[in-house]
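Below is one structure, written out as structure tokens; the observations come after it.
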């Protein structure tokens with residue numbers, strides 16, 4: 001579908017500059033940007049995956065992961081082929097790297113925005129999640145869907161690598177309610193080597209999303225021998241605490257994938273150490289993911305009361321006063337969006 005506004009800039013000789021992500025690709029006629037889906041057709045941008053998600057699911061919102069946003073509800077989740085990153089450890093590489101790996105991309109669902117919203121409502125979902133690959137590359141499809149979703153009373157969730165431009169965040173804040181942003185490394189050289197992007201724009205995205213009133217949670221996939229040093233974990237936690245000590249930080253277990261099959265699964269001890277570091281640096285909510293521990297659950301940072309008990313992606317007990325967003329025992333305010 002040809003799109004004209006707002007994240008496209010016309011240049012001379014029929015070239016286009018894409019302003020969706022910080023790559024800011026200059027796209028010659030007949031070519032796509034790095035993502036593989038934003039194509040220059042006769043000097044106009046054709047989003048070739050518009051209305052054509054390659055993956056969809058009805059997921060617990062805890063799977064995103066979002067732990068402080070409408071707990072125990074379902075999110076209608078969609079994603080397309082393509083990505084602006086090239087992560088060697090991507091868990092969904094068959095989608096994200098499909099064009100680079102020259103996989104068959106002929107399969108897709110026919111889901112224009114109106115139908116996404118209709119399906120979400122029909123399945124009793126409370127939100128639509130743009131996920132599985134990097135959603136900013138299909139911005140216009142996300143935008144049109146999200147606007148309809150909002151009118152229908154649904155929330156919109158962005159599950160992102162955090163490489164959006166500030167221009168993009170300005171527009172995203174008009175319809176995105178919550179975001180989980182990956183903070184893969186706290187080292188620019190590692191970002192450049194393993195994901196082919198840079199650290200600083202990701203840090204700016206976290207701050208920008210918070211500043212614009214979007215509920216933000218952050219995920220770090222802990223990869224043994226790569227980003228699991230105490231120094232790097234502590235630097236990550238310090239940065240997050242400097243933005244907001246109530247940002248939930250999800251430290252999750254790595255499983256061998258894509259071009260990183262030689263790395264082992266993350267030891268539970270490493271994840272527990274990361275949680276301990278996060279707490280030492282002042283973060284109120286640090287969650288351990290992809291393994292079963294007591295630290296998937298939410299505890300009151302003031303009195304320690306168990307507020308939300310989780311096992312996997314299942315909420316077993318909700319002991320939080322969702323009407324007031326407070327601990328039932330000490331009445332401390334727990335940051336989050338707890339009800340529609």
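The values are calculated or read from the model by the stated rules, or taken from the named source; none is laboratory data. Since the model is a prediction, treat every value here as computed from it, not as a measurement. We place every Cβ from the backbone using ideal geometry, glycine too, and count neighbours over all the protein chains shown.
Take the range 169-201 and flag every residue that is touching a strand residue (DSSP E or B) at 6+ places or on another chain (Cβ under 7 Å), farther than 19 Å from residue 286 by Cβ and either outside any loop (DSSP other than H, G, I, E, B) or not assigned by TED's automatic domain parsing to the domain that holds residue 233 (or both).
Within the range 169-201, just 172 meets the criteria.
Only one of these is outside the structural domain of residue 186 (by TED's automatic domain parsing) and crowded, with 19+ Cβ neighbours inside 10 Å: 283, 307. Name it.
One residue alone meets the criteria, 307.
Where in the range 72-167 are there strands (runs of 3 or more DSSP E), lying fully within it, with 2 or more residues that are touching a residue at least 12 places away in the same chain (Cβ under 8 Å), more than 21 Å from residue 21 (Cα to Cα) and in the same structural domain as residue 261 (by TED's automatic domain parsing)?
Counting at least 2 such residues, we get 74-79, 127-130.
Any idea which of (1) surrounded by 15 or more Cβ atoms within 10 Å (Cβ to Cβ); (2) over 22 Å from the mean Cα position of the chain (by Cα) is the one residue 253 doesn't satisfy?
(2)
Given the criterion part of a loop (DSSP other than H, G, I, E, B) and modelled with pLDDT under 95, identify the matching residue among 329, 335, 316, 302.
Among 329, 335, 316, 302, only 329 is part of a loop (DSSP other than H, G, I, E, B) and modelled with pLDDT under 95.
Restricting the range 5-43 to residues that are out of contact with any strand residue (DSSP E or B) (no Cβ under 8 Å at 6 or more places or on another chain) and under 16 Å from residue 138 (Cα atoms), which is surrounded by the fewest Cβ atoms within 10 Å (Cβ to Cβ)?
Filtering the range 5-43 for residues that are out of contact with any strand residue (DSSP E or B) (no Cβ under 8 Å at 6 or more places or on another chain) and under 16 Å from residue 138 (Cα atoms), the one surrounded by the fewest Cβ atoms within 10 Å (Cβ to Cβ) comes out as 5.
In the list 46, 59, which residue meets the criterion of being over 27 Å from residue 249 (Cα atoms) and either assigned to a loop (DSSP other than H, G, I, E, B) or touching a strand residue (DSSP E or B) at 6+ places or on another chain (Cβ under 8 Å) (or both)?
Among 46, 59, only 46 is over 27 Å from residue 249 (Cα atoms) and either assigned to a loop (DSSP other than H, G, I, E, B) or touching a strand residue (DSSP E or B) at 6+ places or on another chain (Cβ under 8 Å) (or both).
Conditions tested, residue by residue: (1) over 30 Å from residue 318 (Cα atoms); (2) surrounded by fewer than 24 Cβ atoms within 10 Å (Cβ to Cβ).
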site	(1), (2)
84	yes, no
121	no, yes
133	yes, no
140	yes, yes
145	yes, no
151	no, yes
158	no, no
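Is it the case that the range 209-219 has a residue that's touching a residue at least 60 places away in the same chain (Cβ under 8 Å), assigned by TED's automatic domain parsing to the domain that holds residue 87, part of a helix (DSSP H, G or I) and over 30 Å from residue 291 (Cβ atoms)?
no
State all residues of the range 266-280 that are without any contact (Cβ under 8 Å) to a residue 24 or more places away in the chain and either in contact with a strand residue (DSSP E or B) (Cβ under 8 Å, 6 or more places away or on another chain) or crowded, with 16+ Cβ neighbours inside 10 Å (or both); if no residue qualifies, say none.
Across the range 266-280, the qualifying residues are 272, 279.
With 283, 271, 240 as the choices, which residue is part of a helix (DSSP H, G or I), under 23 Å from the mean Cα position of the chain (by Cα) and farther than 14 Å from residue 183 by Cα?
None of the others qualify; the one that does is 271.
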